[in-house]
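Worksheet for the structure shown next.
The values are calculated or read from the model by the stated rules, or taken from the named source; none is laboratory data. This is a predicted model, so every value here is computed, not measured. All Cβ positions, even for glycine, are placed from backbone atoms using ideal geometry, and neighbour counts span all protein chains on display. Note: areas computed on protein heavy atoms with side chains; ligands, DNA, RNA excluded. Shrake-Rupley method; radii C 1.70, N 1.55, O 1.52, S 1.80 Å.
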Amino acid sequence: MIYAVFNKEDLSMGYYFQNEQAISMKTQDIRTVLKTVANRYIGQNPPFGVSYYAYQKNGIRQDKHYRFVFDFHNLYPLADLESNVYAWSKLWSDDDITMVFEIHCFGPVIIYCNGERVFKPNVLAERIRDLSSSFSVKLKKGWNSFVLRFIRTNTGCGGVLGAVSSRNRPQSFIIPSADREGQRGWLYTLPLKEPLEILPEPGMTEEETGITWYPLKNWLPEEESMGQMKRMYSLRKGCYAIAWTRIFAEKSGEYTVKGINTGNIRFIIDDRPVFDSDKSGEYEFKVNISYGCHNILVINQCGDTDWGFKADCFYGDEIIPFINPLNVKGTDEKWVYAGPFSLPVSIEPDKAYSADRPMDGAGRKVFWRLDRPHTFVRPYNDNRLFGHWNYPLGVTLYGIIEAGRFINDSALVDYTAKHVEMCTRFFEYALWDKENYGAASMHNLLSTISTLDDCGSFGSLMLEASGELDEDDYVKIADYIADFIINRLHRLPDGAFYRVNPEHLLMDETLWADDLYMSVPFLCRYYRLTGRQEIIDDAAKQLLLYHKYLFRPDRKIMSHVYDVKHRKATEVSWGRGNGWVAFSYSELLSYLPENHELREELINNFNELCEGYFSLQDEKGFWHQVLTDHDSYPESSCTSMFACAFARGVRNSWLKEPGKYAEAVLKAWNGLCNEAIDMNGNVYGICRGSGFSFSEDYYTNDLGWLLNDTHGTGIVLLAGVEYGKLLEWLGNGGR
């Protein structure tokens, strides 16, 4: 929920809550505060793994912007004019909310949500495909049914549908029929002469709707008569495929496996080969299995005319059910398959029992699939925050890992490492998935990297946490990000990073103070990783270039944005935008060699900015949403970033008047504990994600604050860490 106002008058209240609710009323211990805030976040975002879903590759696909493409004009080129094609899916919502969607129409489109019409285009939108039409949908808490009716005309049939900013927040549409409950995607019809009298509803079987829905869910009769490997992979001489399932043995003892096969087969239980057959036909073998869950891997070589197998497992006369090893949603299949692979067999069972990256097949990468037409397994991250890659999470986790290190709490460090490992482990898969399906099922921002937001902040955190990771997958990602920043990112003629985004006109040809944090901390840590001098040189240069474009000498602070088209800075000083600048200086100066040619100039600029920021702190220790307007709300993330920068500046002797800045840090931290952090570790007063404006009114009245937003939670933790380090430093006599 967004809160747009704060208290100014009630003496029993602080800025955001009753005085008695402040965490400072319960404890003054910095370690307890840090642990409370961090554990509140972790408790709300537990470290769950990815979920695996069935997905039919020949269904409705997404484009690189994560919009769904309904291209029925090309799918049904001979469809009659005025015929109707329907698409059907459902979307989950955690709350009752209003969501804005966009559609590019290839012809008339009528959209229904929960049985009510929510969109019908005007005649102009029907004719011009490049014209985007937006519409609002009131989603109810729970499942919401979407039915789209496309009408065939001479202009075409279909459209491209997505929510606003689909790339940033991809929508998880799920097939709604009872037959394929949980499968990702949409169902669609053949062209129908007449419109449907009754719209389908979630939970209905496809037979109950009275319509044949595509893509088809079952094999054709002639395909059913084949071995499953042949119908999935065709005849592939000199190749093999693998199948994976699990069983749970409730008793230790002798189990019997029997069935029929075509082509050579080998059974492996866990890492132990237990049966081989080079003959086609019926087979049976017995094996001792201990109590517990066990993997079963079958290797099947292609035969002369067919290949495949069937299997059943028994304990005495009791049949032991197989278990889908990935718990794939949207299917009742018990086995997953991968292939084809080129002979000779070179499968390592411990590596086969995983699903976090594609495997080397016969001339191409392959991944797990199901014994259904064109049906593949895809991993998705259904968690609200854990395991996701975006820039606010980069800052959040930076705060959590630093808090864990400072208070010697390994659980906080381990949590951060698990989050980062989930990102790095699936990076290779995400790139492969995007290539195969048009839009990656995971890491939507990283796999389609186009701005510094997509990579720099979380990339910096990844490198910061690299010492806690078990694998070195992070190096590939770091190189990938560095290549984007160094070789592909847009720059002005003088080398300054700037944004070019004609699909997002607000951002097109602009230079944002935010982008210092989205670039400099990563470049610093990449410099540490590689030792490449030009990397740290570029980071230092960016701070000087941004100073040239954004610095306001009248106030000794920064404008939020420089508009390249108008050759003007906004002359509006957003709190967090300036916080990013101050914090980025403190990051760079921590890594910049003492003898660097730009160091003195950078320290002078840092002192000048800090002087401007110092003058704008309020009586309770806060800085405000608009720095120069104390009638705008006190903002927690910028307050925390200025406190961090000041504390680092004092401890490292970068600031020329350390006494007053140390006092400002103490004042800021006390203010946060009194006014913005409650006794449950909730953080108030964090500005939501921002656009920009040349008017202060936008920042004051349109950018309300959020509770526990990831743009600020980690920064508050970092402020606490730096406050604690400053106290220790002062206690040691400034050493």
- Take the Cβ-Cβ distance between GLU224 and VAL164 as r, set R0 to 41 Å, and report the resulting FRET efficiency rounded to the nearest 0.05. 0.40
- Residue by residue through region 707-721, the couplings from Karplus 6.51 cos²θ - 1.76 cosθ + 1.60 with θ = phi - 60°, in Hz, x for Gly and Pro, are 8, 6, 6, 5, 5, x, 4, x, 5, 4, 4, 5, 4, x, 4
- Ignoring ligands, DNA and RNA, what accessible area per residue does the chain give at 1.4 Å, in Å²? 42
- Query: For region 506-636, how big is the tail of P(r) above 17 Å, as a whole percent of Cα pairs?
  - Reply: 58
- Task: Hand me the trypsin sites (Lys or Arg not before Pro) from region 166-196 located in a DSSP loop with no more than 15 other Cβ atoms within 10 Å, in residue order please.
- Result: LYS193
- Name the trypsin sites (Lys or Arg not before Pro) in region 312-401 that are in a loop by DSSP and that have at most 15 other C-beta atoms within 10 Å, would you? ARG364, ARG384
- Note on the structure: In this structure, among LYS556/LYS660; LYS64/LYS329; LYS90/LYS217; LYS251/LYS286; LYS138/LYS329, pairs with alpha-carbon gaps over 21 Å are LYS64/LYS329; LYS138/LYS329
- What's the carbon and sulfur percent of the chain's accessible surface, probe 1.4 angstrom, rounded to a whole number? 47
- Query: Got a sec? Which residues in region 238-274 would a label at GLU282 touch, if it sits 7 Å along Cα→Cβ and we count backbone N under 15 Å?
  - Reply: 257-262
- Once phi is turned into θ = phi - 60°, what whole-Hz ³J(HN,Hα) does the Karplus curve with 6.51, -1.76 and 1.60 give for every residue of region 621-631, x standing for Gly and Pro? x, 9, 10, 10, 3, 9, 4, 8, 10, 6, 7
- Sorted on mean Cβ neighbours within 10 Å (highest first), peptides 548-559, 80-91, 18-29, 667-678 come out as 667-678, 80-91, 548-559, 18-29
- The relative contact order of the chain, taking Cα pairs under 8 Å that sit 6 or more residues apart, comes to a percentage of 14
- Task: Would you grab the residues whose amide H sits under 5 Å from the one on ASN295? Only those 5+ places off in sequence or on another chain, please, with H modelled 1.01 Å from N.
- Result: ASP270
